[in-house]
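Worksheet: the structure to be examined is printed underneath.
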Amino acid sequence: MMDAHLVAGRAGFRLDVRLRVAPGEVVALLGPSGAGKTTALRLLAGLTAPSGGYFLLDGSAVHARPAERRPVGMVVRDPLLFPHMSALDNVAFGPRCRGASRSESRRAAAAWLEHVGLGDRRLARPRELTAGQALRVALARSLAVRPRVLLLDEPLAGLDDAARLSARTRLRHHLGDFTGACLLVTHDPLEAMTMADRLVVFEDGGLAQEGTPAEVARRPRTDHVARLVGLNLYRGEAQGHEVSVRARDEGGPPALVLSVAEPLGGPVFVAFPPSAVTLHPARPEGTPRNTWEGGVEGVERHGDHVRAHLAGPITAAADVTPAVAAGLGLTLGQRLWVTVRPTDTYAYPAPAGE
Amino acid sequence: MRVLTTTRRRMKDTTRRTLHDGAFGVPLVLMVPAAAGLAFLVLPLAGLLVRAPWHAVATRMAGPPVLEALRLSLVTSSAATVAAVLGGVPLAWMLARVAFRGKGVVRALVTVPLILPPVVGGVALLALLGRHGLIGTWLGSSLHLTAPFTPAAVVLAETFMAAPFLVISVEGALRGADSRFEESATVLGASRWTVFRRVTLPLVAPGIAAGVALCWARALGEFGATVTFAGSFPGRPPTMPLAVYLALESDPEAAVALSLVLLLVSVTVLAVLRRHWVNAA
């Protein structure tokens, strides 16, 4: 069991998070840029000096050891293979540094390259490898030192879309075999959802939310998490099926009353996916519940549909098909009526004081 | 149609830009001084080539005085370069990778010999290592070592004047090298020494090569500090630059021939460096 309390401070930023990861567990660190994800990994690797906290592995103090004596492996975005060494020598570097003989480390390296499917690329120089192959060599290089904690800092970010898909599948496969604790920093929610057993969301150097991918996706607790998982998210006060939703700024008067499916009371979150939003050029007949008027603030392509961002009493993202978008003639500043069916919303209690 | 028009417009833009930035667009105010500057830098070398006693070059160069001087120069400048590498690469590493107090001062001190008049460098070495110098007195009395007027003195003077070129060049290479490779090596379990030996040095090898070439060329041509500190003794072979200077008095043709040899060496070094820079770009 890995148990770490990571504390670091630099000008205008302070990181303070507690991370516990079980052997064999893959934890994804998500969060906006500058939230401290990479700093957390660097603290664990011993590359950044902490200003407090601890790092324990099964009770033994890893934080007291220098970076080169930690049972930690790390793979970063540019795989940083040593350019003057062959793939084999890159992988053999770690075992050699950790006391294996030259022939032993070469044998181990050859086995690891075989394991990641690059047995025939032993003698290749890093510049002769594709980005995907370089990542696999980097992974083999990290695993070759038999780490108990594996740190992956946006490992797939340097790949193009086609390569990323197969690389993700391979990486999942290798992480499945890995018996230590694994921390994966990523900006890609899909990557996090598909590879991690648990998500940890950093915001402003602190822990914003933690849970299984399903929990986090269903119950985001901050705007950032909601955007990450592609949901519209609001905070409000519930009274039965009615939720008084505040605008973005705290303490303002209720901007809108939304009807929700679940009866609740007190502070709650209300979430609904952009695909549940319907747009109308004029006020819809019969005035259904959850209807408000908003102005189009932005339009973008989002996969095979069109996403519109709408200002109004509350901001919302709406996904419509290209045909619907063309029918509405979406333009910036255009006024539209927005409806969301109560059964498409998802309301859940917000912890008091948050 | 619209596509055609834009294409044509873009072509016209390109043409205009070429004319504007090309040779015809350069103002005379800049072109004339530039040409004069170039001429000033090139013509002396052309003079050297024109005045060279080509018919006698081969025999002159094969003569014992030239070969002796060449041998001494090659040996001392190579020794000076080795000394500069042994001390200069670690110094450059300290400057590039270690944070310490007074680093700015250290860097400034390292660069002093670059701008110091060479004769002052020679006097400074005498003040330290001369017969009555700070350390020289003690060296003479207890170890019976006297530095001045020996080949060792030549090496010292050349090292003093040339090592900064190596330090500056290697420090630049180290700063340019991505230190994340070194972090990767550390996480893999490499000690600081292993990181330096197996990752840092290979990464900055081109920079070290450039530094070595610059340093060696500077040491080979060193005159002022060498003549001041190591002097010239009748009966002892002088270094090449000293030989050129001495030959000017007695045998100008020999001076030109010796200069040709030094020019050839310089051009070779430049060619090596150029290849390095082209490869780096």
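The values are calculated or read from the model by the stated rules, or taken from the named source; none is laboratory data. Worth saying up front: this structure is predicted, and the values here are computed from it rather than measured. Cβ: placed from backbone, ideal geometry, glycine included. Neighbour counts: every protein chain shown. In case anyone asks, the SASA skips ligands and DNA or RNA and just uses the protein heavy atoms, side chains included. Shrake-Rupley method; radii C 1.70, N 1.55, O 1.52, S 1.80 Å.
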Legend entry - helices (runs of 4 or more DSSP H) (entirely within segment A:1-119) containing at least 1 residues that are out of contact with any helix residue (DSSP H, G or I) (no Cβ under 7 Å at 6 or more places or on another chain) and farther than 21 Å from A:Cys182 by Cα: A:87-97, A:102-115
Legend entry - Leading residue by the ranking (nearest to the chain's Cα centre (by Cα)) among those in segment B:232-261 that are outside any helix (DSSP H, G or I) and surrounded by 18 or more Cβ atoms within 10 Å (Cβ to Cβ): B:Thr239
Legend entry - Any chance B:Gly88 is in contact with a helix residue (DSSP H, G or I) (Cβ under 8 Å, 6 or more places away or on another chain), at pLDDT 90 or above and either assigned to a helix (DSSP H, G or I) or within 26 Å of B:Thr226 (Cα to Cα) (or both): yes
Legend entry - Filtered residues of segment A:196-221 (kept if assigned to a loop (DSSP other than H, G, I, E, B) and open to solvent by less than 30 Å² (accessible area, probe 1.4 Å)): A:Ala196, A:Gly205, A:Pro220
Inset, instruction - Quick one: count up the residues across segment A:127-183 that are touching a helix residue (DSSP H, G or I) at 6+ places or on another chain (Cβ under 8 Å), of a type outside the set (D, E, K, R) and over 26 Å from A:His84 (Cα atoms). - result: 7
Legend entry - Checking B:Ala92 against (1) in contact with a Ser or Thr (Cβ under 7 Å, 6 or more places away or on another chain); (2) open to solvent by less than 40 Å² (accessible area, probe 1.4 Å), the condition it does not meet: (1)
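Taking into account only those residues within segment B:26-43 that are open to solvent by less than 80 Å² (accessible area, probe 1.4 Å) and under 27 Å from the mean Cα position of the chain (by Cα), which is nearest to B:Val261 (Cα to Cα)?
Looking at residues that are open to solvent by less than 80 Å² (accessible area, probe 1.4 Å) and under 27 Å from the mean Cα position of the chain (by Cα), I get B:Val42.
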Inset, instruction - Please enumerate the residues belonging to segment B:165-203 that are surrounded by fewer than 16 Cβ atoms within 10 Å (Cβ to Cβ), among the basic types (Lys, Arg) and either under 14 Å from A:Phe93 (Cβ atoms) or touching a residue at least 40 places away in the same chain (Cβ under 8 Å) (or both). - result: B:Arg175, B:Arg197
Inset, instruction - For segment B:188-208, indicate whether the set of residues that are over 26 Å from B:Pro64 (Cβ atoms), touching a Pro at 6+ places or on another chain (Cβ under 8 Å) and more than 14 Å from every other protein chain (Cβ to nearest Cβ) is non-empty. - result: no
Legend entry - Unique match (being more than 9 Å from chain B (Cβ to nearest Cβ), closer than 27 Å to A:Arg136 by Cβ and open to solvent by 50 Å² or more (accessible area, probe 1.4 Å)) among A:Arg65, A:Arg96, A:Arg102: A:Arg102
